[in-house]
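The structure appears right after this line, and notes come after that.
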Amino acid sequence: MPVLHLATFQSDVTPPLGHPLCGGWIEPARGVDDPLRALGVVLLGAGAPIVLCAVDWCGVRNDANLRWRQALAKAAHTTPERVAVQCVHPHNAPFADVEAQHLLESVPGSPPSLNLKFFDRAVQQSADALRESLKKTSPFTHLGIGQARVEQVASNRRILGDNGKIRFSRTSATKDPKVRAEPEGLIDPWLKTLSFWKEEQPLAALNYYATHPMSYYGDGRVSADFCGLARQKRQEEEPKIFQLYFNGCAGNVTAGKYNDGSKANRPVLRDRIYTAMKAAWKATRRHALTTYEWRVEPIRLLPRREKSFGAEESRKVLEDAKAIKARRGNAAFQLAWLARQDRPIDLTCLDLGKALVLHLPGEPFIEYQLKAQQMRKDVFVCVAGYGDGGPGYIPTDHAYLEGGYEPSVALARPSEALLTKKIAKVIKTREE
């Protein structure tokens, strides 16, 4: 029987002042309210090492995601397919797409999206931290499982009218009280916590919840925002238990019903997440763990067919000096997505017996998280979205007919059946 070991690592990935935030679409970094981190665990003892890493960035797309996985894989003596790099998705934080930045640099006067030297440094520092962590691993014998309902945080962004079309889009900070008064809509209200234990000694806690994690942004003040701050509050409370936070399928979920964007609301939202983390920890039950499995299922999400998403139109926008910087930056992202079509995205699943962790790309709609949980009612299913951000939003097929913000900027064509099929395959039971 293998002896299972765990290592934890962290590094500072706070951008320097002046660095673009949210891909360069908003005010650049003018100050730091709280540092950004790359946090991870390495699991050893059942095949090649597995790395799970959560980064306090808005997104890491295409080759940027691959390069980060490759660097961590090299440091852990494993392969990139056994590394998951997911983002927490605060917006006052970097958005990394290496190819998009190269495209922007090819057009004089275009707005920057990413400082490539800073990106390389951030990746290398996280890999160095991982490598150093392997000098001191801890055996683990048990898996902990707990969950708690989060009160008054998440709400569905998409509010339909009687005609079946989007009537309101409830953004992260929704000021209109009439829109905030609409029902919560479809969400996953549960914060789930997985933990690793050495007998009765807890070592690490991995927290999963689905919402856009922004209370307010756009002021140039770098922050991991309320979800990252809740994680940090738990870390300070119990410093011997390594805390991570992963964002679930939050493409169509925000805090908009409960958040008007006032600065005073950030600690309120933080404490609601923190309270659920504490409650999930209190509800945790331990189970003996002797092995685990890692499964990979590649998927090709095809680009949109519409002319406006094609290379020719995107290049025109990129080169249009009169276009706003958000449009030019998004055009670069579209071109980068088109350029990586020969390489599929890896869906991955960590099978811990009584629990599964599914890792998904982009900004998937909450429906995919709920579907995965329905498929495997026999186990505790945790879902981390915001992996390879290349495709951007991943709506349901019907959402494209309903309209609204997310389908208007999603880079992949409707692919619900394919993604659902691939999810079912990667989260299959061990006996299948």
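The values are calculated or read from the model by the stated rules, or taken from the named source; none is laboratory data. As the structure is a prediction and not an experimental result, all values here were calculated from the model. Positions of Cβ are generated from backbone atoms using ideal geometry, with glycine treated the same way; all protein chains shown enter the neighbour counts.
Keeping to region 255-302, report how many residues are closer than 30 Å to ALA46 by Cβ and among the hydroxyl-bearing types (Ser, Thr, Tyr). Total satisfying the criteria: 4.
I'd like the full set of residues that are in contact with a helix residue (DSSP H, G or I) (Cβ under 9 Å, 6 or more places away or on another chain) and of a type in the set (Lys, Arg), limited to region 188-223. Correct list: LYS192 only.
Based on this model, can you work out whether PHE226 counts as under 28 Å from GLY261 (Cα atoms), assigned by TED's automatic domain parsing to the domain that holds GLU367 and surrounded by fewer than 20 Cβ atoms within 10 Å (Cβ to Cβ)?
Numbers: under 28 Å from GLY261 (Cα atoms): yes; assigned by TED's automatic domain parsing to the domain that holds GLU367: yes; surrounded by fewer than 20 Cβ atoms within 10 Å (Cβ to Cβ): no.
Considered against the rule, which asks whether it is under 28 Å from GLY261 (Cα atoms), assigned by TED's automatic domain parsing to the domain that holds GLU367 and surrounded by fewer than 20 Cβ atoms within 10 Å (Cβ to Cβ), PHE226 comes out as no.
When the strands (runs of 3 or more DSSP E) confined to region 137-213 are screened for residues that are without any contact (Cβ under 8 Å) to a residue 24 or more places away in the chain, those reaching at least 2 such residues are found at 166-169. The residue of region 2-28 that is modelled with the highest pLDDT, among those that are of a type in the set (Gly, Ala, Ser) and more than 30 Å from ALA76 (Cβ to Cβ), is GLY18.
Residues that are charged (D, E, K, R), touching a helix residue (DSSP H, G or I) at 6+ places or on another chain (Cβ under 7 Å) and within 24 Å of SER195 (Cα to Cα) within region 34-75 comprise ASP56, ARG69, listed in sequence order.
Can you say whether ALA54 is farther than 30 Å from ALA339 by Cβ, buried (at least 18 other Cβ atoms within 10 Å of the Cβ) and not polar (S, T, N, Q), as far as the supplied structure shows? Write out each step before concluding.
Values: farther than 30 Å from ALA339 by Cβ: no; buried (at least 18 other Cβ atoms within 10 Å of the Cβ): yes; not polar (S, T, N, Q): yes.
Spelling it out, it is not the case that ALA54 is farther than 30 Å from ALA339 by Cβ, buried (at least 18 other Cβ atoms within 10 Å of the Cβ) and not polar (S, T, N, Q).
For region 240-252, does any single residue satisfy the condition of being hydrophobic (A, V, I, L, M, F, W, C), closer than 25 Å to ASP176 by Cβ and touching a Ser or Thr at 6+ places or on another chain (Cβ under 6 Å)? Yes, because at least one residue in region 240-252 is hydrophobic (A, V, I, L, M, F, W, C), closer than 25 Å to ASP176 by Cβ and touching a Ser or Thr at 6+ places or on another chain (Cβ under 6 Å). Scanning region 23-60 for residues that are touching a Gly at 6+ places or on another chain (Cβ under 8 Å), of a type outside the set (Asp, Glu) and over 22 Å from LEU203 (Cβ atoms) gives GLY23, GLY24, TRP25, ILE26, PRO28, ALA29, ARG30, GLY31, LEU36, CYS58, GLY59, VAL60. Quick one: would you say ARG270 is farther than 30 Å from ALA339 by Cα and surrounded by fewer than 19 Cβ atoms within 10 Å (Cβ to Cβ)? Against the criterion (farther than 30 Å from ALA339 by Cα and surrounded by fewer than 19 Cβ atoms within 10 Å (Cβ to Cβ)), ARG270 does not qualify. The lone criterion from (1) part of a helix (DSSP H, G or I); (2) closer than 30 Å to LEU66 by Cα; (3) in contact (Cβ under 8 Å) with a residue 12 or more places away in the chain left unmet by TYR245 is number (1).
Kindly provide the set of residues from region 254-306 that are assigned to a loop (DSSP other than H, G, I, E, B), within 22 Å of the chain's Cα centre (by Cα) and farther than 26 Å from LEU360 by Cα, ordered by number. Don't jump to the end; show me each part of the working.
The first filter runs over region 254-306 and keeps only residues assigned to a loop (DSSP other than H, G, I, E, B), leaving 255, 259-264, 283-284, 289-292, 300-302, 304-306.
Narrowing further to those that are within 22 Å of the chain's Cα centre (by Cα): 255, 259, 261, 300-302.
Scanning region 254-306 gives ASN259, GLY261.
Pull up region 346-371, narrow it to residues that are of a type in the set (A, V, I, L, M) and crowded, with 24+ Cβ neighbours inside 10 Å, then point me to the one that is farthest from LEU244 (Cα to Cα).
Step one: list which residues in region 346-371 are of a type in the set (A, V, I, L, M), which gives 347, 350, 352, 355-358, 360, 366, 370.
Okay, now just the ones that are also crowded, with 24+ Cβ neighbours inside 10 Å, so 356-358, 360, 366.
Values: LEU356: 16, VAL357: 14, LEU358: 16, LEU360: 17, ILE366: 21 Å.
Within region 346-371, the match that is farthest from LEU244 (Cα to Cα) is ILE366.
Scan region 118-136 for residues that are within 14 Å of VAL42 (Cβ to Cβ) and assigned to a helix (DSSP H, G or I) and the total you get is 8. Filtered by the rule that a residue be more than 18 Å from VAL55 (Cβ to Cβ) and polar (S, T, N, Q), region 114-139 gives THR137, SER138.
Tallying residues that are of a type in the set (Asp, Glu) and closer than 17 Å to ALA280 by Cβ within region 212-242 yields 2. Checking each residue in region 214-242 for being part of a helix (DSSP H, G or I) and within 15 Å of the chain's Cα centre (by Cα) picks out ASP225, PHE226, CYS227, GLY228, ARG231.
Residues in region 211-223 that are more than 20 Å from GLU151 (Cα to Cα) and out of contact with any Lys or Arg (no Cβ under 9 Å at 6 or more places or on another chain) were compared, and the one that is surrounded by the most Cβ atoms within 10 Å (Cβ to Cβ) is TYR217. Number of residues in region 382-415 that are farther than 16 Å from VAL253 by Cα, under 19 Å from the mean Cα position of the chain (by Cα) and free of Cβ contacts under 8 Å to residues at least 60 places away in the same chain equals 0. Counting only residues that are more than 18 Å from the chain's Cα centre (by Cα) and either of a type outside the set (A, V, I, L, M, F, W, C) or buried (at least 22 other Cβ atoms within 10 Å of the Cβ) (or both), region 16-41 holds 11 of them. When LEU21, LEU36, LEU66 are screened for being in contact (Cβ under 8 Å) with a residue 40 or more places away in the chain, touching an Asp or Glu at 6+ places or on another chain (Cβ under 6 Å) and not acidic (Asp, Glu), only LEU36 passes.
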